[in-house]
1. So how far apart, in nm, are the two label points at A:ARG91 and B:GLU274 if each is 7 Å from Cα heading toward Cβ?
2. Counting only heavy atoms of protein chains, what accessible area per residue, in Å², does the stretch A:147-269 have with a probe of 1.4 Å?
3. Tell me the relative contact order for chain B as a rounded percent, counting alpha carbon contacts under 8 Å between residues six or more apart.
4. Determine Rg/Rh for the stretch A:1-111; Rg is computed over alpha-carbon atoms and Rh is the Kirkwood hydrodynamic estimate from the same atoms.
5. Can you give the average number of partner chain beta-carbon atoms within 10 Å of each beta-carbon in peptide A:312-321, as a whole number?
6. So which of B:LYS73/B:LYS199; A:LYS244/B:LYS199; B:LYS47/B:LYS73; A:LYS57/A:LYS256; A:LYS57/A:LYS96 end up more than 25 Å apart, counting from Cα to Cα?
7. Based on the Cβ-Cβ distance of A:ASP227 and B:VAL297, what FRET efficiency does E = 1/(1 + (r/R0)^6) give at R0 = 51 Å, to the nearest 0.05?
8. As a test, work out the antiparallel percent of DSSP beta bridges whose residues both lie in chain B, rounded to the nearest 5.
Amino acid sequence: MNHDAPLLEVRNLVKHFHVGGGLFGGRAGVVRAVDDVSFSIRRGETLGLVGESGCGKTTTGRCILQLERPTRGQIVFEGRDLTTLGEDELRPVRRKMQVIFQDPYSSLNPRMTVGQIIAEPLAVHGIVPDPAQRAARVRELLGHVGLLPQHARRYPHQLSGGQRQRVGIARALAVEPALIICDEPVSALDVSIQAQIINLLEDLQAQFGLTYLFVAHDLSVVRHISDRVAVMYLGKIVEITDRKSLYDAPLHPYTKALLSAVPIPDPALEAQRERVVLGGEVPSALNPPSGCVFHPRCPIAVDRCRGEVPELREIRPGHRAACILA
Amino acid sequence: MGVLLEVENLTTEFVTRGGVVRAADGVSWDVGEGETVALVGESGCGKSVSALSIMRLVAPPAGRIVGGRVLFKGRDLLALSDEAMRQIRGREIAMIFQEPMTSLNPVLSIGRQLTEGLEIHLGITPREARQRAGELLAMVGIPDSERRLGQYPHQFSGGMRQRMMIAMALACNPSLILADEPTTALDVTIQAQILELMKDLSRRLAVAMLIITHNLGVVARYADRVNVMYAGRIVERGTARELYANPRHPYTLGLLRSVPRLDEPRRARLDPIEGQPPDLTRLGAGCAFAPRCAFQVARCAVERPRLVPIGGGGHVSACWEAANLDRAVARSGAAT
């Protein structure tokens, strides 16, 4: 196998949703949730995908998993374009791609014990057919995520938020995936527990050679965990580069505004800090602005931004941004 | 600056299947006139219950206030009649909640939700109330207020709804606003807008604020003083500057260290607080934080520390090792 080839390549991904025009009327329209997004992830790498609610980051993840069928574009995973595969062909591929959700409580079946939850994918995919061996594997997985063997007999409601997220991680690990899509995996957790889970994700990555797509809105957490970062706004990637370049020398005005909005836990520093507070709100993806979609809120927009769609172009080596002024 | 609100030994209990939980266990704190004070802590620490207790909105029979006093402008709110308390709520003390959609009435127009309180509390005519409602929307930065008054909550975005909540809170010129995680449900850029708006309005209108949050970053920029809560008790209090520069409770220190910060070089590894928050039905005699504490000594397991002064300026900490903490921190900092 060619190890230099990316594990995952997303090419010109487009996902439209049709809304309205149903039983209760309303004008029919098209939501451009993801609008021509391309990126790739190398084996063992973590790509952070950041943006505000409705920017398309979660839909991008769901398209990669083929939980949503893309409107256009290709999802090339281990050299195969998943968009051309049927359900039967997809099943073995799904084993290689797992997901960890934001809210562990709603993503765990309340009527199953932790042991049953973790054992289920092992049985469904026929990975460990023997029940006794399966129980042993469950114990091993619990150990990997920092839980005890006796946790296997508990129900999700008997666990704390952090412990539930550990169960979600153990379930994802059970099938030995290559790629894990982490969709806001720590944002529902308490601050003191967030750091535990992030450390765990990093340890597991090193131990099992995992590749992560880390979808989140918290820029401090994303900086900590990511090798490269993509910033999304209204269905498009507006900036993508390695971690250091993005945080040390951001090019897109939206990235700069996001970074400036993050509060810093230090009153003395905050008192001196100039803050770029963006006016307005994220426009509707039903009716996105003309030209650059960010122009109505952009502090440096010029006339050209209204008419011209900026291309995501390489401005410095390995650093791409979609802004004509960058 | 006079004291506006003084909470003394407030104790609120809830009856749960696991037993009786003291959500607020003898907490005392105060808010000065025009001051912004924060209650910081993680879920279940008792910060929201403290605010609900002040408003006497703890729901019986499961929850009840079993002790303490809440002195507002010198009057004990816990001793007032229900009718007198209704005069306080929304008029003298207003509240802003985390999720504006669930605290707005979906079938009443924005205008009606604003004018209702004005008519009830201020006894003004519907026409006057309507005009005041328009002014309030403009004040919180909602443009085109005439048209907006006729709309319904679902036609507002999350940020607009929170602006609307702020307008409702300000409607009767209260002297205190209790804001419970006011920006947690909002996006980062909208969060910044709302916080700047709240800060600006509180200064301009001289309204005191109690901000309840789990986000230490939010507090750093907006609070004058900070109370840190853990397992139903206040474990540390001080001015924001003092608390961040010189934390003297291991829990505060742990919270500050566990978050990655954009203004600092990236660390190879985060420094979490190990373990889980305690089960409030099974608290022992010792310090509730002891099982997770890196600085614990033998005494911590058997005897609960009280808040004691650290230096001057009202900085207090409930930790047996508080006096030694700065040296211990320097040591552990050097070791990493």
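1. 4.4 nm
2. On the way: 3340 Å² over 123 residues.
In whole numbers, the stretch A:147-269 has 27 Å² accessible per residue.
3. On the way: 606 pairs, mean separation 64.3, N = 336.
After rounding, I find 19 percent.
4. Working: Rg = 16.0 Å, Rh = 15.8 Å.
Radius of gyration relative to Kirkwood radius: 1.01.
5. Shielding by partners across A:312-321 averages 0.
6. On the way: B:LYS73/B:LYS199 23 Å; A:LYS244/B:LYS199 33 Å; B:LYS47/B:LYS73 22 Å; A:LYS57/A:LYS256 19 Å; A:LYS57/A:LYS96 20 Å.
Over 25 Å Cα-Cα: A:LYS244/B:LYS199.
7. Values: r = 42 Å, r/R0 = 0.82.
Once the sixth-power term is evaluated, E becomes 0.75.
8. On the way: 31 of 50 bridges.
DSSP beta bridges in chain B are roughly 60 percent antiparallel.
The values are calculated or read from the model by the stated rules, or taken from the named source; none is laboratory data. The structure displayed is predicted, hence computed values, not measured ones. Because the Cβ atoms are built from the backbone with ideal geometry, glycine has one as well, and the counts that use them run over all protein chains shown. Please note that ligands, DNA and RNA were not included when accessible areas were found on the heavy atoms of the full protein model with its side chains. Shrake-Rupley method; radii C 1.70, N 1.55, O 1.52, S 1.80 Å.
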